[in-house]
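Encoded as structure tokens, the structure appears first; notes follow it.
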Amino acid sequence: MNITEKIFALNQIEIFNSLQYSELILIAEVTSEHYYPPETIIVHSGTILQKLYIVVDGKVMHDKHQNPIPIFGVGSLILEEEIPYDLIADKALGAKVLSISKGHFFTIINECPNIVINFLKINAL
């Protein structure tokens with residue numbers, strides 16, 4: 001994905017769609033793109049993540065029920081919480097995600113404080 005595609009993808013996600021264009025650029029510039037084939041375990045339960053993951057295409061499910069998880073890693077990054085269950089790419093679609101390193105995550109919440117409120121609104125993992 002190029003920077004424009006990343007900005008468009010981020011703007012489609014509830015947490016990011018209220019941000020200003022300049023904030024979306026800041027975020028898009030520090031993301032890395034990853035694709036996980038169908039049924040791939042992306043994160044094992046008990047893991048403390050060092051990145052924020054944002055699902056931009058496909059779905060990520062957890063092994064306890066089938067509700068899609070749009071963003072994960074917030075609790076690990078802020079509170080050093082373990083992910084409580086395996087996170088798995090969708091059976092049919094797989095998942096394309098953008099990731100943000102821990103250092104960039106803290107820069108983003110410092111530069112875009114409204115995003116913290118958005119994370120709290122959706123109870124991101």
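The values are calculated or read from the model by the stated rules, or taken from the named source; none is laboratory data. Keep in mind the model is a prediction, meaning the values are calculated, not measured. Don't worry about glycine lacking a Cβ; one is built from the backbone with ideal geometry, like all the others, and counts go over all protein chains shown.
Condition (residue is under 17 Å from Phe119 (Cβ atoms) and either touching a residue at least 60 places away in the same chain (Cβ under 8 Å) or not β-branched (Val, Ile, Thr) (or both)) applied to the range 54-67: is it met by at least one residue?
No, because not a single residue in the range 54-67 is under 17 Å from Phe119 (Cβ atoms) and either touching a residue at least 60 places away in the same chain (Cβ under 8 Å) or not β-branched (Val, Ile, Thr) (or both).
List, please: which pairs have Cβ atoms under 7 Å, are six or more places apart or on different chains, and start with a residue in the range 80-94 that is of a type in the set (Gly, Ala, Ser) and end with one that is at pLDDT below 90 and buried (at least 16 other Cβ atoms within 10 Å of the Cβ)?
From residues that are of a type in the set (Gly, Ala, Ser), there are no pairs.
Mind checking which residues of the range 19-47 are of a type in the set (Val, Ile, Thr) and loosely packed, with under 14 Cβ neighbours inside 10 Å? Talk me through it step by step, then tell me what you get.
As a first pass, look at the range 19-47 and keep what is of a type in the set (Val, Ile, Thr): 25, 27, 30-31, 40-43, 47.
Ile41 - this is the single residue of the range 19-47 that is of a type in the set (Val, Ile, Thr) and loosely packed, with under 14 Cβ neighbours inside 10 Å.
Can you tell which of Phe8, Phe105, Phe16, Phe72 is surrounded by 13 or more Cβ atoms within 10 Å (Cβ to Cβ), touching a residue at least 60 places away in the same chain (Cβ under 8 Å), out of contact with any His (no Cβ under 8 Å at 6 or more places or on another chain) and aromatic (Phe, Trp, Tyr)?
Details: Phe8 fails: touching a residue at least 60 places away in the same chain (Cβ under 8 Å); Phe105 fails: touching a residue at least 60 places away in the same chain (Cβ under 8 Å); Phe72 fails: touching a residue at least 60 places away in the same chain (Cβ under 8 Å).
Going through Phe8, Phe105, Phe16, Phe72 in turn, just one is surrounded by 13 or more Cβ atoms within 10 Å (Cβ to Cβ), touching a residue at least 60 places away in the same chain (Cβ under 8 Å), out of contact with any His (no Cβ under 8 Å at 6 or more places or on another chain) and aromatic (Phe, Trp, Tyr): Phe16.
Please work out if Ile3 is hydrophobic (A, V, I, L, M, F, W, C) and over 20 Å from Asn114 (Cβ atoms).
For Ile3, the condition - hydrophobic (A, V, I, L, M, F, W, C) and over 20 Å from Asn114 (Cβ atoms) - is met.
Are there any pairs with C-beta distances below 6 angstrom linking a residue in the range 28-39 that is closer than 14 Å to Glu5 by Cβ to a residue that is among the β-branched types (Val, Ile, Thr) and outside any strand (DSSP E or B), with the two at least 6 apart or on different chains, and if so which?
Ala28/Ile3; Ala28/Ile7
Would you tally the residues in the range 22-34 being closer than 16 Å to Asn118 by Cα and not β-branched (Val, Ile, Thr)?
Within the range 22-34, the subset closer than 16 Å to Asn118 by Cα is 23-24, 27.
Filter once more, keeping what is not β-branched (Val, Ile, Thr): 23-24.
Qualifying residue count, the range 22-34: 2.
Would you be able to say whether some residue in the range 53-62 is within 22 Å of Phe8 (Cα to Cα), of a type outside the set (Lys, Arg), under 15 Å from the mean Cα position of the chain (by Cα) and exposed (fewer than 13 other Cβ atoms within 10 Å of the Cβ)?
No: the range 53-62 contains no residue that is within 22 Å of Phe8 (Cα to Cα), of a type outside the set (Lys, Arg), under 15 Å from the mean Cα position of the chain (by Cα) and exposed (fewer than 13 other Cβ atoms within 10 Å of the Cβ).
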